[in-house]
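Right, one structure below, let's go through it.
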Amino acid sequence: MIELQGVHARVGSFRLADIHVAIGPGDCHVIVGPTGSGKTFLLETLIGLRPMEAGTIRIHGQDVTGLPPNQRQISYVPQDICLFPTLTVRQNIQFGLDLRPRFDSQDLAFVGRLVDFLRLSAILDRYPRNLSGGERQRVALARALATKPALLVLDEPFSAIDHSLREEIRRMIKDLLEEFKTTTLIVTHDLDEAFFLGDRISIILGGRIVQSGPRDEMYYHPKSLPAAEFLGIRNLFAGRVEQLAQHEITISSPDLERTFTVPCRCAHKRFTAGQAIRFGIRSEAVHILRHQPTPEDSRLVFGARVRRVFVRGTMHTLIVELGTPRPVTVEIDLHDAAMRKLGVTLGAALQVSLNPRHIFLLPEPA
Amino acid sequence: MIELQGVHARVGSFRLADIHVAIGPGDCHVIVGPTGSGKTFLLETLIGLRPMEAGTIRIHGQDVTGLPPNQRQISYVPQDICLFPTLTVRQNIQFGLDLRPRFDSQDLAFVGRLVDFLRLSAILDRYPRNLSGGERQRVALARALATKPALLVLDEPFSAIDHSLREEIRRMIKDLLEEFKTTTLIVTHDLDEAFFLGDRISIILGGRIVQSGPRDEMYYHPKSLPAAEFLGIRNLFAGRVEQLAQHEITISSPDLERTFTVPCRCAHKRFTAGQAIRFGIRSEAVHILRHQPTPEDSRLVFGARVRRVFVRGTMHTLIVELGTPRPVTVEIDLHDAAMRKLGVTLGAALQVSLNPRHIFLLPEPA
Amino acid sequence: MNNGFRRLTILTAWALFAFFGVLILSLSGFVTPARLVAVATSPRVLFSMKISVGAAMLATLLSLAVAIPTGYALSRFEFFGKRAIDLALEIPMVVTPVALGALLLMFFNTRLGELIQQSRISFVFEFPGIVLAQFVTTVGIATRMLKTTFDEIPARYEAVACTLGATPAQAFRLVTLPMAVPGILAATVLTFAKCIGEFGATIMLAGSMPMKTETLPISIFMRLSGADVEGMAVLILILLGVGLSSLALVKSLIRRSYD
Amino acid sequence: MNNGFRRLTILTAWALFAFFGVLILSLSGFVTPARLVAVATSPRVLFSMKISVGAAMLATLLSLAVAIPTGYALSRFEFFGKRAIDLALEIPMVVTPVALGALLLMFFNTRLGELIQQSRISFVFEFPGIVLAQFVTTVGIATRMLKTTFDEIPARYEAVACTLGATPAQAFRLVTLPMAVPGILAATVLTFAKCIGEFGATIMLAGSMPMKTETLPISIFMRLSGADVEGMAVLILILLGVGLSSLALVKSLIRRSYD
């Protein structure tokens, strides 16, 4: 268990405020946020390169807050990988072991396993300048894991790698972490990477972690407007809490001219009756009905007209205008096969349905 | 019509060889390729910054091959945008007009339309250092279009912009190009961008254009192994041409132990009977059958077992192993809702179907 | 704590600072305010200041007039002899100014040199010699600095300007030159400071004649033979002042450059 | 064609090159091979070469011994007085060496200075004075070059080494220092070349005594009063040779650095 509790730090006028992160053994935790949100700064603080103003860092229960980087057992692969250019691949990988007063055959066997798993045996005697981008990344991972760290920390692990190789390296990292059961913290600005690699995900914005949670919860249920916007969710509407029940909440929306009930755990903790809120839904959770709606879901089905189509490879985005008195636009992500099957074209009239199960609620920002 | 015909150029040991590109009026043509494939070099040659060894460049029929950049009527927005820092936004946008001996009220009205469309009127008196990334991009577009160029050239238009803003800028560019009907050439390394923006797409690899065509054809039907690999298609198998007909071709595959017929235009031009080939299919074109297969498509349905699941946001990737005697793995992209509906889990047995309509054929590389 | 290493390196830095501090402080025993004013306003020192500043201004202008186009050509273009020129510019940086001054002196002993001496301006042991000596020792550095300035302005700015209809000369004048202003000013100040302090080449070419070619550094040297320690201290103070204020000016110019 | 602008800037570059070329060519009238050998092997020139090289080697070693830790501290750490030290290092670059030499001379006229003179090594008008003069004029530049060298090696390399268990000193020794080798060698060569050419500070502190403190640059100056034009030409050639070969060495070192 790796824990950051109430960590505060500053560099210049930038502040990291009240950072809480807990990473279970063997988990992969991803911190995702835009450029300048403090991701790398947070890593550097965790590693011990930067002083903290407050808070504690615990590794397996031990408080390492005051320890220098070389005593924290945290391995680090920076964004630019930083293989030692004057050392061979083998010397790079063994760098950590060579610093120890002694290391035994078990350690060497472990390094051998890493070298095999990462397919490095053919390049052990090369120098970093003669490696490809993917090879460098693999060597850096082997070097970081060779000391069996309590935590592996990766900063933007794909930024130094060509786009067309990323999928491969991504899968390799996923397999590696599962094979060696390494507790890992990754920071990235890329949502695809975050949702691909992370068991749990935290969103960092402006030096604060605005939400943490398991991957699927983070994907479909952002808990604040900035988080929803960062996730790229554009279907956001104004509403009001009408009624609270144990596990559901009734919302009225003047924009949509509807009142409806959505499931919501701990609704009482987050909302009060009469409160102004926002609610939203991911564009892939908006469905187009083939037939007229059945009576039971009629309350969230709308007549709509297609205003714009953005065609991509296989998923397309429709911008539709709902037939509400005040025009409201909704975005829908749709597979191209579905588009053909449904006969969706520019200007076509449709029936769209918002699935209440995927509707999330946000407090109105102050 | 903008045409590059047989363009050859070199810088150091890197060569651009035999580049042919034709861009119809009002079209958006995207050249996509990995880092180091010569994309930016090609742009610089087109603009006139680098000498050509052979070939011609024609703009609206006029040969501009020997003209300096300022006489080509090609506007250029480089990767790092390069707004002139000592000039205000207004001066930046009017830079091209101010160089002319005279410009009339029509030119100014056009600039006004651009400023309105790009929502720049509030920031006209600011200096570039006080703008956000998105604003800079918009000013650069206005500056480039203010001279009504015959061709607009954009180099990696999103690389300077934060990930979370890219979708917005992308759509804005798409709308802008449609509104002003600008003939456009974009180079990028990002396939998503290419398929989002391009009416036609060219793939450049190692200084050569390996394939050009309309977007959908490029997406589903790569014509060479390097193109298929660059597109990230992993389902590639060995085969042999058995029989050629007017619009279809019969293939046998020892890997899959099947013989099947796929539609193929100009099959005679590209293949001969008995030729060793590769064939492939995109992972989103592999389908999982809910029921036992109907007899008519039985020849490309396989029993399979799920070996690995990569979970992403909403699209997941399954690695399945076909029940062929020699094990063959196939990748399948699947929507999470479909996964739930089909009850796909690790180790589950499935029936998968490869749709012949989406199977593409490649010559065996030499 | 394993901070011993950090502390050791910082201590060395402090020690170096203290060393220079002690050197400068040792002046204090030799200068009184009254003495400072008396020496600084003596006709001989005033004359030295006048010709030092005058020659340095002329030499700086000459250096920049050559360094701006040369630095730009070296930064932007590929042309025959570029490498050789690049190397030649470093000569004044690794070859002692005395040798450069001597070289100039030899040149004026050749036929061509004598022709120049007789026809228009006389350089040897004259004021123009000071300007020439300062020019020769600073033009290389000035060109380097301007090449760096232009290197730091990506050529793509000019490419964009050209695609908008600008000729190369217009692109330079409207885009690059305004962006280079902080760098050009910094180069001007540093070149001027170097010119003011030039000694080796000046003494070889222009000699050390009081009230004629005695610049401030030469004046310090002259007072050595005269054992005029107090006068020397005042002159050191003046030269230190010129140097340090140039530095401060350059630092503030660099800070004001575009993001 | 609108290439006039390009041509103009390149012409200026060529003109500058031609100017230096003519200067160097003017030597040819004064040197014959026989004369070159005769002067270069005369006892006085051999002695000058010996003390020039000896002093320069000592001064270079001293400079680097201070410059490596100081440059590292300035590049990596934040500490009290960093800004002041950074500025102080530029003093030798903008203040004339004559003033620095005079400053040293003044220092040895203070009580503390006289104590040092009497107790151990004597500097004024002695060989150690040459070394000290060269050290004072080069240590600032050497430190700057090493700071730049270390600046170009991202601190992240050391951070990675530390997370693998290295102390800061180990990270420096095993990672940064090997990466800095090309930069350190380049700084060594340039410092050595600067030391060989040092004139202003040396003549103030160590004087110009034949067969005692007459370094090569001082020897050139001495031959001016003796009107020994041919001897001067040979010495210029030697100093040009040292300078140019140092330059060539530095260029090849820079080219061999890690990608």
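Read the figures in this text as sums done on the coordinates, not as results from a lab. Bear in mind the structure is a predicted one, so any value in this text is a computation, not a measurement. Neighbour counts are summed over all protein chains in view; Cβ atoms, including those assigned to glycine, are modelled from backbone coordinates with ideal geometry.
Here are the numbers for the structure shown:
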read-out: Shielding by other protein chains, C:190-197, mean Cβ within 10 Å; value: 3
read-out: Peptide-level mean, for B:68-78, of C-beta atoms on other protein chains within 10 Å; value: 5
read-out: Nearby lysines by direct alpha-carbon distance to B:LYS181 (threshold 28 angstrom, same-chain neighbours under 8 apart not counted); value: B:LYS39, B:LYS148
read-out: R0 of 30 Å, Cβ-Cβ distance A:GLU3-C:ASN3: FRET efficiency to nearest 0.05; value: 0.65
read-out: Cα-centre dipole for segment D:5-155 with unit charges at Cβ (Lys and Arg positive, Asp and Glu negative), debye to 20; value: 320
read-out: Label spacing, shortest first and in nm, from D:ARG173 to its equivalents in the remaining copies (7 angstrom along Cα→Cβ); value: 6.2
read-out: Quotient of Cα Rg and 2.2 N^0.38 Å for segment B:2-226, N being how many residues it contains; value: 1.01
read-out: For segment C:1-68, radius of gyration divided by Kirkwood radius, i.e. Rg to Rh on alpha-carbons; value: 1.29
read-out: Helical contribution to [θ] at 222 nm, DSSP H n ≥ 4, -39,500 (n - 2.57), averaged over the protein assembly as shown, rounded to 500; value: -14500 deg cm²/dmol
read-out: Taking only Cα atoms of segment A:161-225, radius of gyration then Dmax in Å; value: 13.0, 37
read-out: Shielding by partners, peptide C:68-77 (average Cβ within 10 angstrom, other chains); value: 5
read-out: Virtual spin-label span in nm between A:ALA349 and C:ILE116, 7 Å along Cα→Cβ; value: 9.2
read-out: Cα-projected label distance for A:VAL11 with B:ALA54, points at 7 Å along beta-carbon direction, nm; value: 5.3
read-out: Whole-number Å³ per residue for the convex hull built on Cα positions in segment C:133-259; value: 111
read-out: Segment D:16-154: translational diffusion in µm²/s, Stokes-Einstein, Kirkwood Rh over Cα pairs, 10 °C, 1.306 mPa s; value: 87
read-out: Exposure rule at most 11 other beta-carbon atoms within 10 Å, DSSP loop trypsin sites (Lys or Arg not before Pro): chain C longest free segment; value: C:121-255
read-out: Measure of compaction for segment A:114-223 (Cα Rg per 2.2 N^0.38 Å); value: 1.16
read-out: Label 7 Å beyond Cα on the Cβ vector: B:THR272 copy-to-copy distances, nm; value: 8.4
read-out: Near-label residues of segment A:307-331 by backbone N, under 17 Å of a point 7 Å along Cα→Cβ of B:ALA338; value: A:312-317
read-out: B:GLN71 paired with B:ARG126, simple spin-label distance in nm, labels 7 Å along Cα-to-beta-carbon; value: 3.9
read-out: Of the DSSP H helices in chain C, those whose Cα atoms cover at least 27 Å axially and whose Kyte score averages 0.0 or more; value: C:4-25, C:43-76, C:127-151, C:177-197, C:229-255
read-out: Crossing angle, helix B:105-117 versus chain B [Cα axis fit, 0-90 degrees, rounded to tens]; value: 50
read-out: P(r) tail fraction, segment B:233-363 - alpha-carbon pairs more than 25 Å apart, %; value: 27
read-out: Cα-based Kirkwood hydrodynamic radius, segment C:29-76, one decimal, Å; value: 13.5
read-out: Net dipole in debye of the protein assembly as shown [+1 Lys, Arg Cβ; -1 Asp, Glu Cβ; about Cα centre; nearest 20]; value: 760
read-out: 7 Å along Cα→Cβ, label-point gaps from B:GLU242 to other copies, nm, shortest first; value: 6.3
read-out: Whichever aspartates and glutamates have a C-alpha closer than 16 Å to that of C:LYS194, once near sequence neighbours (fewer than 8 apart) are set aside; value: C:GLU90, D:GLU90, D:GLU198
read-out: Value of Rg to Rh for chain D (Rh from inverse mean 1/r over Cα pairs, i.e. Kirkwood); value: 1.05
read-out: For the protein assembly as shown, convex hull of alpha carbons as volume per residue, Å³; value: 233
read-out: Tilt relative to chain A, helix A:133-145 - C-alpha long axis, 0 to 90 degrees, to 10; value: 70
